[in-house]
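See structure below.
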Amino acid sequence: MEEYIMSNFDVLFIGSGQGAWNAAMPLSMSGQKVAIIERDKIAGVCTNYGCNPKIILDGPIKVMEDAQAYKGIGMTSEMKINWSELMAHKNKVLDALPVMLEENFKKAGIEVIKGEASFVNEKTVAVNGQEYTADKIVIASGQRPTPLDIPGKEYLKTSNEFLYLEDLPDHIVFVGAGYVSMELASIAVKVGATVHVIQSSDHILNEFHQPYAQKLLTKMQQDGIQFHFNEKLSKVEQQGEQLQITTEKGLTLTTQLVINATGRVPNVENLNLEAAGVEYNSKGIIVDEYLQTTQKGIYASGDILDKKQPRLTPTAVFEAKYLAASFLGAQTQAIEYPPIATIAFTVPRIAQIGVTIEEAEATGLTIKPIDLGKQWDFAGRNETEAHLNLVYDQEQKLVGATAYSQEALEIINSLTPIITLGLTSKEVDKLIYAFPSFETMIPRYMQETK
(Lines give C-alpha, C1' and ligand atoms only; values in the text may rest on other atoms or scores of the structure.)
Protein backbone atom coordinates (compact mmCIF):
# COMPACT_ATOMS: atom_id res chain seq x y z
CA MET A 1 0.00 0.00 0.00
CA GLU A 2 1.38 3.40 -1.03
CA GLU A 3 2.11 5.66 1.90
CA TYR A 4 0.29 9.01 1.82
CA ILE A 5 2.51 12.01 2.52
CA MET A 6 0.75 15.14 3.79
CA SER A 7 1.95 18.27 1.97
CA ASN A 8 3.68 20.84 4.11
CA PHE A 9 1.89 23.64 2.28
CA ASP A 10 -1.06 24.30 0.06
CA VAL A 11 1.00 26.69 -2.07
CA LEU A 12 4.77 27.15 -2.13
CA PHE A 13 6.33 30.14 -3.89
CA ILE A 14 9.90 30.21 -5.18
CA GLY A 15 10.84 33.89 -5.08
CA SER A 16 9.45 36.78 -3.06
CA GLY A 17 9.01 39.47 -5.71
CA GLN A 18 5.84 41.02 -7.06
CA GLY A 19 4.99 37.89 -9.04
CA ALA A 20 4.92 35.91 -5.79
CA TRP A 21 3.74 37.94 -2.83
CA ASN A 22 0.76 39.49 -4.61
CA ALA A 23 -0.61 35.94 -4.77
CA ALA A 24 0.81 34.66 -1.49
CA MET A 25 -0.79 37.35 0.65
CA PRO A 26 -4.43 36.89 -0.45
CA LEU A 27 -4.03 33.10 -0.44
CA SER A 28 -2.72 33.05 3.11
CA MET A 29 -5.35 35.51 4.29
CA SER A 30 -7.98 33.22 2.77
CA GLY A 31 -6.84 30.30 4.93
CA GLN A 32 -4.32 28.62 2.63
CA LYS A 33 -1.08 27.36 4.14
CA VAL A 34 1.57 29.30 2.22
CA ALA A 35 5.36 29.56 2.18
CA ILE A 36 7.80 31.75 0.28
CA ILE A 37 11.38 30.71 -0.52
CA GLU A 38 13.90 33.52 -1.10
CA ARG A 39 17.66 33.27 -1.67
CA ASP A 40 18.35 37.02 -1.76
CA LYS A 41 16.59 40.10 -0.41
CA ILE A 42 12.89 39.85 0.34
CA ALA A 43 10.70 41.65 -2.24
CA GLY A 44 12.75 40.75 -5.30
CA VAL A 45 14.36 42.77 -8.08
CA CYS A 46 11.92 45.68 -8.44
CA THR A 47 12.13 46.76 -4.82
CA ASN A 48 15.85 46.15 -4.35
CA TYR A 49 17.60 46.28 -7.73
CA GLY A 50 15.17 47.84 -10.18
CA CYS A 51 12.18 50.15 -10.31
CA ASN A 52 12.26 51.56 -6.79
CA PRO A 53 15.93 52.54 -6.45
CA LYS A 54 16.02 53.75 -10.04
CA ILE A 55 13.04 56.09 -9.68
CA ILE A 56 14.44 57.63 -6.49
CA LEU A 57 17.76 58.33 -8.19
CA ASP A 58 15.90 59.62 -11.25
CA GLY A 59 13.78 62.06 -9.21
CA PRO A 60 16.26 64.94 -9.02
CA ILE A 61 17.37 64.24 -12.59
CA LYS A 62 13.87 65.10 -13.82
CA VAL A 63 13.73 68.15 -11.56
CA MET A 64 17.04 69.34 -12.99
CA GLU A 65 15.92 68.80 -16.58
CA ASP A 66 12.58 70.54 -15.99
CA ALA A 67 14.39 73.50 -14.41
CA GLN A 68 16.96 73.72 -17.21
CA ALA A 69 14.12 74.11 -19.69
CA TYR A 70 13.46 77.51 -18.14
CA LYS A 71 17.01 78.74 -18.68
CA GLY A 72 16.80 82.07 -20.46
CA ILE A 73 13.07 82.40 -19.88
CA GLY A 74 12.94 83.03 -16.16
CA MET A 75 15.35 80.76 -14.29
CA THR A 76 19.07 81.35 -13.92
CA SER A 77 20.14 79.24 -10.93
CA GLU A 78 22.30 76.19 -11.56
CA MET A 79 21.54 72.83 -9.95
CA LYS A 80 24.03 70.18 -8.87
CA ILE A 81 23.42 66.68 -7.57
CA ASN A 82 25.26 65.33 -4.54
CA TRP A 83 25.41 61.64 -5.40
CA SER A 84 26.47 60.40 -1.98
CA GLU A 85 23.62 62.24 -0.26
CA LEU A 86 21.14 61.03 -2.87
CA MET A 87 22.33 57.43 -2.49
CA ALA A 88 22.09 57.67 1.30
CA HIS A 89 18.54 58.98 0.95
CA LYS A 90 17.63 56.14 -1.42
CA ASN A 91 19.02 53.55 0.96
CA LYS A 92 17.23 55.07 3.94
CA VAL A 93 13.91 54.85 2.13
CA LEU A 94 14.33 51.40 0.60
CA ASP A 95 16.37 49.44 3.11
CA ALA A 96 13.34 49.21 5.38
CA LEU A 97 11.03 47.76 2.71
CA PRO A 98 12.27 44.12 2.67
CA VAL A 99 12.14 44.03 6.47
CA MET A 100 8.66 45.53 6.54
CA LEU A 101 7.40 43.17 3.83
CA GLU A 102 8.80 40.10 5.60
CA GLU A 103 7.03 41.19 8.79
CA ASN A 104 3.81 41.55 6.79
CA PHE A 105 4.30 38.04 5.40
CA LYS A 106 4.63 36.59 8.87
CA LYS A 107 1.65 38.56 10.18
CA ALA A 108 -0.38 37.11 7.32
CA GLY A 109 0.71 33.59 8.31
CA ILE A 110 3.19 33.07 5.48
CA GLU A 111 6.30 31.06 6.32
CA VAL A 112 9.49 32.59 4.96
CA ILE A 113 12.23 30.13 4.02
CA LYS A 114 15.69 31.56 3.30
CA GLY A 115 17.92 29.75 0.83
CA GLU A 116 18.29 28.30 -2.66
CA ALA A 117 15.35 26.22 -3.92
CA SER A 118 15.89 23.02 -5.90
CA PHE A 119 13.22 20.61 -7.06
CA VAL A 120 13.39 17.03 -5.84
CA ASN A 121 10.29 16.01 -7.76
CA GLU A 122 7.04 17.60 -8.97
CA LYS A 123 5.75 18.03 -5.41
CA THR A 124 8.94 18.54 -3.43
CA VAL A 125 11.49 21.34 -3.15
CA ALA A 126 14.71 21.19 -1.13
CA VAL A 127 16.21 24.21 0.63
CA ASN A 128 19.40 23.94 2.70
CA GLY A 129 18.96 20.15 2.97
CA GLN A 130 15.36 20.42 4.18
CA GLU A 131 12.55 19.16 1.94
CA TYR A 132 9.17 20.89 1.60
CA THR A 133 6.14 19.58 -0.26
CA ALA A 134 3.11 21.43 -1.57
CA ASP A 135 -0.07 20.81 -3.52
CA LYS A 136 0.80 23.71 -5.80
CA ILE A 137 4.16 25.32 -6.49
CA VAL A 138 4.62 28.72 -8.14
CA ILE A 139 7.98 29.57 -9.69
CA ALA A 140 8.59 33.33 -9.53
CA SER A 141 12.38 33.37 -9.57
CA GLY A 142 12.67 36.25 -12.03
CA GLN A 143 15.61 37.21 -14.21
CA ARG A 144 19.12 38.53 -13.77
CA PRO A 145 21.54 40.51 -15.96
CA THR A 146 22.93 38.50 -18.88
CA PRO A 147 26.54 37.51 -18.16
CA LEU A 148 29.12 38.24 -20.85
CA ASP A 149 31.63 35.44 -21.40
CA ILE A 150 34.64 37.50 -22.42
CA PRO A 151 38.18 37.93 -21.07
CA GLY A 152 37.99 40.25 -18.08
CA LYS A 153 34.35 39.50 -17.36
CA GLU A 154 35.15 39.68 -13.64
CA TYR A 155 35.57 43.44 -14.00
CA LEU A 156 32.06 43.95 -15.34
CA LYS A 157 29.36 45.32 -13.07
CA THR A 158 25.59 45.40 -13.61
CA SER A 159 22.66 47.65 -12.81
CA ASN A 160 22.50 45.88 -9.43
CA GLU A 161 25.83 47.39 -8.42
CA PHE A 162 25.22 50.77 -10.08
CA LEU A 163 22.10 51.33 -7.98
CA TYR A 164 24.19 50.96 -4.80
CA LEU A 165 27.31 52.96 -5.73
CA GLU A 166 28.37 55.09 -2.76
CA ASP A 167 30.39 57.32 -5.08
CA LEU A 168 29.78 57.82 -8.78
CA PRO A 169 32.95 57.40 -10.89
CA ASP A 170 34.03 60.23 -13.18
CA HIS A 171 34.04 57.93 -16.24
CA ILE A 172 31.58 55.11 -17.02
CA VAL A 173 31.07 52.82 -20.01
CA PHE A 174 27.68 51.19 -20.50
CA VAL A 175 27.48 48.09 -22.68
CA GLY A 176 24.10 47.84 -24.41
CA ALA A 177 21.45 50.41 -25.33
CA GLY A 178 18.23 48.97 -23.96
CA TYR A 179 16.05 50.81 -21.48
CA VAL A 180 18.15 49.86 -18.42
CA SER A 181 21.34 51.21 -19.97
CA MET A 182 19.65 54.34 -21.32
CA GLU A 183 18.00 55.11 -17.99
CA LEU A 184 21.19 54.72 -15.99
CA ALA A 185 23.26 56.61 -18.56
CA SER A 186 20.75 59.48 -18.38
CA ILE A 187 21.25 59.62 -14.62
CA ALA A 188 25.04 59.34 -14.71
CA VAL A 189 25.63 62.10 -17.24
CA LYS A 190 23.37 64.53 -15.38
CA VAL A 191 25.29 63.89 -12.18
CA GLY A 192 28.47 64.84 -14.02
CA ALA A 193 30.12 61.64 -15.21
CA THR A 194 31.67 61.19 -18.63
CA VAL A 195 29.53 58.49 -20.23
CA HIS A 196 30.17 56.21 -23.19
CA VAL A 197 27.76 53.61 -24.61
CA ILE A 198 28.89 50.57 -26.57
CA GLN A 199 26.09 49.13 -28.71
CA SER A 200 26.25 46.14 -31.06
CA SER A 201 23.52 47.47 -33.39
CA ASP A 202 22.97 50.90 -34.97
CA HIS A 203 20.13 52.13 -32.74
CA ILE A 204 18.84 52.38 -29.17
CA LEU A 205 15.69 51.21 -27.38
CA ASN A 206 14.61 48.52 -29.79
CA GLU A 207 11.27 48.09 -27.96
CA PHE A 208 10.15 51.67 -28.60
CA HIS A 209 9.02 53.80 -31.55
CA GLN A 210 12.26 54.42 -33.42
CA PRO A 211 11.62 58.03 -34.56
CA TYR A 212 11.20 58.88 -30.87
CA ALA A 213 14.27 56.82 -29.98
CA GLN A 214 16.23 58.78 -32.58
CA LYS A 215 15.06 62.07 -31.05
CA LEU A 216 16.14 60.79 -27.66
CA LEU A 217 19.51 59.72 -29.03
CA THR A 218 20.13 63.24 -30.35
CA LYS A 219 19.17 64.72 -26.97
CA MET A 220 21.44 62.30 -25.08
CA GLN A 221 24.33 63.18 -27.39
CA GLN A 222 23.66 66.86 -26.75
CA ASP A 223 23.83 66.10 -23.03
CA GLY A 224 27.32 64.68 -23.58
CA ILE A 225 26.79 60.93 -23.85
CA GLN A 226 29.08 59.39 -26.48
CA PHE A 227 27.67 56.44 -28.44
CA HIS A 228 29.72 53.83 -30.28
CA PHE A 229 27.37 51.89 -32.58
CA ASN A 230 28.02 48.58 -34.34
CA GLU A 231 30.64 47.76 -31.72
CA LYS A 232 30.82 44.57 -29.66
CA LEU A 233 32.80 44.35 -26.44
CA SER A 234 35.56 41.74 -26.68
CA LYS A 235 37.62 42.16 -23.50
CA VAL A 236 38.19 44.19 -20.35
CA GLU A 237 41.64 44.65 -18.81
CA GLN A 238 42.76 46.27 -15.59
CA GLN A 239 45.39 48.99 -15.91
CA GLY A 240 46.30 50.20 -12.46
CA GLU A 241 43.19 51.72 -10.96
CA GLN A 242 41.59 52.04 -14.40
CA LEU A 243 39.93 49.60 -16.78
CA GLN A 244 40.52 49.39 -20.50
CA ILE A 245 37.78 48.01 -22.73
CA THR A 246 38.40 46.77 -26.25
CA THR A 247 35.81 46.02 -28.93
CA GLU A 248 36.02 43.48 -31.75
CA LYS A 249 36.74 46.32 -34.19
CA GLY A 250 39.62 47.59 -32.06
CA LEU A 251 38.01 50.53 -30.28
CA THR A 252 39.64 51.08 -26.88
CA LEU A 253 38.43 53.20 -23.98
CA THR A 254 39.94 53.76 -20.55
CA THR A 255 37.36 54.04 -17.81
CA GLN A 256 36.66 53.52 -14.12
CA LEU A 257 33.48 51.47 -14.37
CA VAL A 258 31.96 49.16 -16.99
CA ILE A 259 28.25 48.37 -16.66
CA ASN A 260 27.02 45.29 -18.51
CA ALA A 261 23.44 46.07 -19.55
CA THR A 262 23.11 43.73 -22.52
CA GLY A 263 19.87 42.11 -21.41
CA ARG A 264 18.50 39.68 -18.86
CA VAL A 265 18.22 35.90 -18.58
CA PRO A 266 15.81 33.70 -16.57
CA ASN A 267 16.88 32.32 -13.20
CA VAL A 268 16.42 28.62 -13.92
CA GLU A 269 19.88 27.02 -13.56
CA ASN A 270 19.77 26.00 -9.92
CA LEU A 271 16.10 25.00 -9.75
CA ASN A 272 16.66 21.46 -11.10
CA LEU A 273 13.50 21.83 -13.20
CA GLU A 274 14.20 18.54 -14.97
CA ALA A 275 13.46 16.66 -11.75
CA ALA A 276 10.02 18.26 -11.70
CA GLY A 277 9.30 17.77 -15.40
CA VAL A 278 9.11 21.52 -16.03
CA GLU A 279 10.17 22.60 -19.52
CA TYR A 280 11.95 25.88 -20.22
CA ASN A 281 14.08 27.59 -22.84
CA SER A 282 16.45 30.54 -23.09
CA LYS A 283 13.53 32.96 -22.69
CA GLY A 284 12.08 31.37 -19.57
CA ILE A 285 9.63 28.77 -18.31
CA ILE A 286 6.96 27.54 -20.71
CA VAL A 287 3.37 27.90 -19.45
CA ASP A 288 -0.12 27.48 -20.87
CA GLU A 289 -2.96 30.02 -20.87
CA TYR A 290 -3.55 29.30 -17.18
CA LEU A 291 0.11 29.96 -16.24
CA GLN A 292 0.58 26.26 -15.56
CA THR A 293 3.89 24.76 -16.62
CA THR A 294 4.34 21.47 -18.45
CA GLN A 295 3.98 19.78 -15.06
CA LYS A 296 0.50 19.73 -13.54
CA GLY A 297 0.36 21.59 -10.24
CA ILE A 298 3.43 23.73 -10.95
CA TYR A 299 2.84 27.29 -12.13
CA ALA A 300 4.99 30.30 -12.94
CA SER A 301 4.56 34.05 -12.89
CA GLY A 302 6.55 37.22 -13.43
CA ASP A 303 9.71 37.74 -15.45
CA ILE A 304 10.59 34.04 -15.40
CA LEU A 305 7.87 33.32 -17.97
CA ASP A 306 8.56 32.75 -21.65
CA LYS A 307 6.00 35.29 -22.85
CA LYS A 308 5.46 38.06 -25.35
CA GLN A 309 4.07 40.50 -22.80
CA PRO A 310 6.49 43.10 -21.37
CA ARG A 311 8.39 41.82 -18.34
CA LEU A 312 7.37 44.57 -15.96
CA THR A 313 6.30 44.83 -12.34
CA PRO A 314 2.63 45.55 -13.17
CA THR A 315 2.55 42.50 -15.45
CA ALA A 316 3.91 40.31 -12.66
CA VAL A 317 1.34 41.73 -10.23
CA PHE A 318 -1.44 41.01 -12.71
CA GLU A 319 -0.26 37.40 -13.12
CA ALA A 320 0.05 36.88 -9.37
CA LYS A 321 -3.46 38.16 -8.75
CA TYR A 322 -4.74 35.91 -11.52
CA LEU A 323 -3.13 32.86 -9.91
CA ALA A 324 -4.52 33.73 -6.48
CA ALA A 325 -8.02 34.03 -7.91
CA SER A 326 -7.58 30.76 -9.82
CA PHE A 327 -6.36 28.84 -6.77
CA LEU A 328 -9.27 30.15 -4.71
CA GLY A 329 -11.81 29.16 -7.38
CA ALA A 330 -12.82 32.74 -8.18
CA GLN A 331 -11.25 32.57 -11.66
CA THR A 332 -11.76 29.70 -14.11
CA GLN A 333 -10.97 31.45 -17.39
CA ALA A 334 -7.63 31.62 -19.15
CA ILE A 335 -5.53 34.66 -18.38
CA GLU A 336 -6.36 37.62 -20.60
CA TYR A 337 -3.85 40.43 -20.50
CA PRO A 338 -5.08 44.01 -20.83
CA PRO A 339 -3.02 46.61 -22.73
CA ILE A 340 0.24 47.08 -20.82
CA ALA A 341 1.87 50.49 -20.52
CA THR A 342 5.65 50.66 -20.77
CA ILE A 343 8.08 53.52 -20.26
CA ALA A 344 11.76 54.34 -20.51
CA PHE A 345 12.68 56.77 -17.71
CA THR A 346 15.14 58.64 -19.86
CA VAL A 347 15.41 62.41 -20.37
CA PRO A 348 12.87 62.95 -21.90
CA ARG A 349 10.77 59.82 -21.35
CA ILE A 350 9.29 57.56 -24.02
CA ALA A 351 6.11 55.71 -23.09
CA GLN A 352 3.55 53.63 -24.93
CA ILE A 353 0.48 51.45 -24.52
CA GLY A 354 -1.66 49.27 -26.74
CA VAL A 355 -1.23 49.09 -30.51
CA THR A 356 2.16 50.48 -31.52
CA ILE A 357 2.74 52.87 -34.39
CA GLU A 358 4.48 50.14 -36.34
CA GLU A 359 1.59 47.71 -35.81
CA ALA A 360 -0.89 50.40 -36.85
CA GLU A 361 1.03 51.12 -40.05
CA ALA A 362 1.11 47.42 -40.90
CA THR A 363 -2.63 46.93 -40.34
CA GLY A 364 -3.98 50.17 -41.79
CA LEU A 365 -5.27 51.69 -38.55
CA THR A 366 -5.63 55.44 -38.16
CA ILE A 367 -2.62 57.23 -36.67
CA LYS A 368 -3.03 60.76 -35.36
CA PRO A 369 0.26 62.64 -34.71
CA ILE A 370 0.02 65.47 -32.19
CA ASP A 371 2.76 68.08 -31.88
CA LEU A 372 2.46 68.61 -28.14
CA GLY A 373 5.36 71.05 -28.17
CA LYS A 374 3.16 73.59 -29.98
CA GLN A 375 0.37 73.42 -27.40
CA TRP A 376 0.37 76.33 -24.99
CA ASP A 377 0.91 74.25 -21.85
CA PHE A 378 3.92 72.35 -23.20
CA ALA A 379 5.25 75.52 -24.85
CA GLY A 380 4.85 77.24 -21.49
CA ARG A 381 7.25 74.68 -19.97
CA ASN A 382 9.50 75.15 -23.00
CA GLU A 383 9.14 71.48 -23.89
CA THR A 384 9.08 72.15 -27.59
CA GLU A 385 10.08 68.62 -28.67
CA ALA A 386 7.17 66.88 -26.91
CA HIS A 387 5.15 64.69 -29.27
CA LEU A 388 2.33 62.14 -29.19
CA ASN A 389 0.92 59.56 -31.59
CA LEU A 390 -2.58 58.17 -31.07
CA VAL A 391 -3.91 55.03 -32.79
CA TYR A 392 -7.62 54.51 -33.52
CA ASP A 393 -9.45 51.43 -34.77
CA GLN A 394 -12.17 51.29 -37.42
CA GLU A 395 -14.78 52.37 -34.86
CA GLN A 396 -12.63 55.35 -33.95
CA LYS A 397 -11.90 54.00 -30.49
CA LEU A 398 -8.50 54.77 -29.07
CA VAL A 399 -6.42 51.56 -29.10
CA GLY A 400 -2.85 52.77 -28.77
CA ALA A 401 -0.67 55.71 -27.80
CA THR A 402 3.04 56.54 -27.83
CA ALA A 403 4.48 59.66 -26.21
CA TYR A 404 7.82 61.48 -26.17
CA SER A 405 7.90 63.97 -23.33
CA GLN A 406 9.12 64.70 -19.85
CA GLU A 407 5.48 64.07 -18.91
CA ALA A 408 5.12 60.85 -20.94
CA LEU A 409 4.33 58.85 -17.79
CA GLU A 410 1.33 61.01 -16.93
CA ILE A 411 0.23 61.19 -20.57
CA ILE A 412 0.17 57.43 -21.10
CA ASN A 413 -1.32 56.69 -17.68
CA SER A 414 -4.15 59.13 -18.36
CA LEU A 415 -4.92 57.32 -21.63
CA THR A 416 -4.63 53.82 -20.16
CA PRO A 417 -8.20 53.51 -18.78
CA ILE A 418 -9.65 54.88 -22.02
CA ILE A 419 -7.79 52.30 -24.10
CA THR A 420 -8.30 49.43 -21.66
CA LEU A 421 -12.02 50.04 -21.17
CA GLY A 422 -12.61 50.82 -24.85
CA LEU A 423 -14.37 54.10 -24.13
CA THR A 424 -16.06 55.91 -26.99
CA SER A 425 -15.66 59.61 -27.67
CA LYS A 426 -19.16 60.15 -26.22
CA GLU A 427 -18.17 58.40 -23.00
CA VAL A 428 -14.86 60.26 -22.77
CA ASP A 429 -16.71 63.54 -23.25
CA LYS A 430 -18.40 62.94 -19.88
CA LEU A 431 -15.06 63.10 -18.08
CA ILE A 432 -14.33 66.45 -16.44
CA TYR A 433 -10.65 66.74 -15.51
CA ALA A 434 -8.84 69.29 -13.37
CA PHE A 435 -7.65 72.19 -15.52
CA PRO A 436 -5.14 73.06 -16.84
CA SER A 437 -3.81 69.59 -17.64
CA PHE A 438 -3.09 67.30 -20.55
CA GLU A 439 -6.19 65.27 -19.67
CA THR A 440 -8.53 68.12 -20.57
CA MET A 441 -7.40 67.73 -24.20
CA ILE A 442 -8.34 64.05 -24.44
CA PRO A 443 -12.05 64.59 -25.29
CA ARG A 444 -11.00 66.95 -28.09
CA TYR A 445 -8.54 64.40 -29.49
CA MET A 446 -11.35 61.82 -29.54
CA GLN A 447 -13.74 64.20 -31.30
CA GLU A 448 -11.19 65.27 -33.94
CA THR A 449 -11.01 61.72 -35.35
CA LYS A 450 -14.58 61.89 -36.60
Exercise for the section: Might you let me know whether segment 167-176 holds any residue that is closer than 18 Å to ARG311 by Cβ and modelled with pLDDT of 95 or more? Expected result: yes
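For (1) within 29 Å of GLY15 (Cβ to Cβ); (2) without any contact (Cβ under 8 Å) to a residue 60 or more places away in the chain, each residue gets a yes or a no:
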site: GLU122; (1), (2): yes, no
site: VAL125; (1), (2): yes, no
site: GLU131; (1), (2): yes, yes
site: SER159; (1), (2): yes, no
site: ASP167; (1), (2): no, no
site: PHE174; (1), (2): yes, no
site: ALA193; (1), (2): no, yes
Practice task
For segment 30-49, enumerate the residues that are at positive phi and either of a type in the set (A, V, I, L, M, F, W, C) or crowded, with 20+ Cβ neighbours inside 10 Å (or both).
Solution key: ALA43, GLY44
Problem - All positions within segment 174-219 that are more than 22 Å from ASN389 (Cα to Cα), part of a helix (DSSP H, G or I) and out of contact with any strand residue (DSSP E or B) (no Cβ under 7 Å at 6 or more places or on another chain) - result: VAL180, SER186, ILE187, LYS190, VAL191
Exercise for the section: Identify, by number, the condition in (1) touching a helix residue (DSSP H, G or I) at 6+ places or on another chain (Cβ under 7 Å); (2) surrounded by 15 or more Cβ atoms within 10 Å (Cβ to Cβ); (3) free of Cβ contacts under 8 Å to residues at least 40 places away in the same chain that ALA261 doesn't meet. Expected result: (3)
Completion exercise
Flagged in segment 82-116 as touching a Phe, Trp or Tyr at 6+ places or on another chain (Cβ under 9 Å) and among the hydrophobic types (A, V, I, L, M, F, W, C), in numbering order, are MET87, LEU101, PHE105, ILE110, VAL112, ILE113
Practice task
Report whether or not GLU111 is touching a helix residue (DSSP H, G or I) at 6+ places or on another chain (Cβ under 9 Å) and within 17 Å of LEU27 (Cα to Cα).
Solution key: yes
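Do the conditions hold for THR294, that is, is it in contact (Cβ under 8 Å) with a residue 12 or more places away in the chain and polar (S, T, N, Q)? Before you say what the answer is, go through the steps one by one.
Numbers: in contact (Cβ under 8 Å) with a residue 12 or more places away in the chain: yes; polar (S, T, N, Q): yes.
Spelling it out, THR294 is indeed in contact (Cβ under 8 Å) with a residue 12 or more places away in the chain and polar (S, T, N, Q).
Considering segment 236-250 alone, what residues qualify as being surrounded by 15 or more Cβ atoms within 10 Å (Cβ to Cβ) and either in contact (Cβ under 8 Å) with a residue 24 or more places away in the chain or on the phi > 0 side of the Ramachandran plot (or both)? Can you show your working first?
Taking segment 236-250 as the starting set, the residues that turn out to be surrounded by 15 or more Cβ atoms within 10 Å (Cβ to Cβ) are 236, 243-247.
Answer for segment 236-250, where residues must be surrounded by 15 or more Cβ atoms within 10 Å (Cβ to Cβ) and either in contact (Cβ under 8 Å) with a residue 24 or more places away in the chain or on the phi > 0 side of the Ramachandran plot (or both): VAL236, LEU243, ILE245, THR247.
Considering only strands (runs of 3 or more DSSP E) fully contained in segment 324-400, which possess at least 1 residues that are surrounded by 14 or more Cβ atoms within 10 Å (Cβ to Cβ) and over 20 Å from the mean Cα position of the chain (by Cα)?
366-370, 387-392
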Exercise for the section: Kindly establish whether SER77 is exposed (fewer than 13 other Cβ atoms within 10 Å of the Cβ) and either in contact with a helix residue (DSSP H, G or I) (Cβ under 9 Å, 6 or more places away or on another chain) or not assigned by TED's automatic domain parsing to the domain that holds VAL34 (or both). Expected result: yes
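The values are calculated or read from the model by the stated rules, or taken from the named source; none is laboratory data. Only a predicted model underlies this, so the values are computations on that prediction, with no experimental measurement involved. Here the Cβ is made from the backbone with ideal geometry for all residues, glycine too, and neighbour counts use every protein chain on show.
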